[in-house]
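Here's the structure we're looking at; comments come further down.
What follows is calculated from the coordinates using simple rules that are stated; it is not laboratory data. Predicted, not measured: the structure shown is a model, and the values here were computed from it. Methodologically, a virtual Cβ is constructed for each residue, glycine included, from the backbone with ideal geometry; neighbour enumeration extends over all protein chains shown.
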Amino acid sequence: MTIIKSEDMSNEEYHAHHAFGSTAVKTAANKSIAHLFGAERKESHAYALGSSVHAILLEPEKDLIVRGPETRRGKAWSDLKDECDAAGKILLTEADYTLANKMADACLQNRTANHLLTNPDMLAEASFFATDPDIDIDLKTRPDGLLRQAGIVLDIKTTQDASPRGFDRSVRQFGYDLQAAFYMHVLKLNGIRVENFIFICIEKDAPHVTACHELSEMYLRHAHNRMIAALHDIKHAVETEEYGTNWPDLNTIHLPAWLDSEEAF
């Protein structure tokens, strides 16, 4: 079993590891192999805010969030940013610092989220590595939280719409189903029992409503098959050094059926 706790491997070290993670699978399946191997990893202000909410909820004892100046402009920000980067901390503007804490506080008002996140058995931000025996490809995953005895994987999402309908759209748009299937696959390769995968979704706008969602068994089976197909595509690209899109040279976009039916009236 290959488990590396967060205190032994930073997030930066994890991302630098050569093994393929869920982002690679989502990119290969939802975009293309070309996007996967040609993309550059970037961190946006939204990414920093989301990471901060994660840190507050999952590892509050580490005090990873720093309240910075009002804006990101000027020497005060750049100097403090260098210090925070060196210390492995996240620097936020005053407004984002307040927002991140409000979102975390609102999340804990949700009874299900609170019960899961405060469970003494929860392992936060641990890194797992495995080699898929059928495809012979190195994989990695770093779940936000793992309740080992209950076999529950937790993933925190900051989102615009945490409602059932809104998050259903986000699952398809961002490939969260593939992420869940991939996490569960790598953990099972490590001999870890996984019974459920729960998304804890926190809205970015006040009052920061929080909702917990899970995928049905049928949805997860479908996602697992797509995930395995994506891994085969990635393996093929590594072996052949062919990084195409598999898109047609000239694509025809057809009128959607629902639009066609509107024309009838």
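Observations
- Built amide H within the under 5 Å cut-off of T158, gap 5+: I202
- Nonlocal amide H pairs with V209, under 5 Å, H built at 1.01 Å: E203
- Helix 176-189 and the long axis of the chain differ in direction by around 80°, with both axes built from C-alpha atoms.
- Computed from the C-beta positions of A229 and R72, the FRET efficiency with R₀ = 41 Å rounds to 0.50.
- Secondary-structure-derived ellipticity at 222 nm for the chain, considering helices only, amounts to -14500 deg cm²/dmol, per-run term -39500 (n - 2.57) for DSSP H runs with n ≥ 4.
- Under 15 Å of direct C-alpha separation, and excluding same-chain neighbours fewer than eight residues apart, K235 reaches these aspartates and glutamates: D132, D134, D136, D138.
- Loop exposure criterion: trypsin sites (Lys or Arg not before Pro), DSSP state outside H, G, I, E and B, at most 11 other Cβ atoms within 10 Å. Applied to the chain, the longest stretch between such sites is 74-192.
- Among residues other than N101 with Cβ under 13 Å from its Cβ, the summed charge is -2 (Lys and Arg +1, Asp and Glu -1).
- Three principal axis extents describe the C-alpha atoms of the stretch 43-107; from largest down they are 34, 21, 18 Å.
- Choice from S52, S22, S170 showing the highest fluctuation, given a GNM over the chain with Cα pairs closer than 10 Å: S170
- Excluding same-chain neighbours fewer than eight residues apart, the aspartates and glutamates reachable from K89 by a Cα-Cα span under 16 Å are E7, D8, E12, E13, E43, E59, E61, D63, D79, E125.
- Helix 164-174 axis versus longest C-alpha principal axis of the chain: approximately 70°, rounded to the nearest ten.
- Applying 0.36 nm per residue to the separation of W258 and A16 and subtracting their alpha-carbon distance, the gain on full extension is 82.6 nm.
- Relative to the longest principal axis of the Cα atoms of the chain, helix 75-87 runs at roughly 80 degrees.
- Across the cross-link table entries K31/K62; K62/K140; K157/K188; K75/K140; K81/K188; K75/K157, which are compared at the Cα atoms, the separations over 28 Å belong to K31/K62; K75/K140; K81/K188; K75/K157.
- For the stretch 50-60, 3J(HN,Hα) computed residue by residue from phi via the Karplus equation (6.51, -1.76, 1.60; θ = phi - 60°) reads x, 5, 5, 4, 4, 5, 5, 7, 9, 9, x Hz, glycine and proline entered as x.
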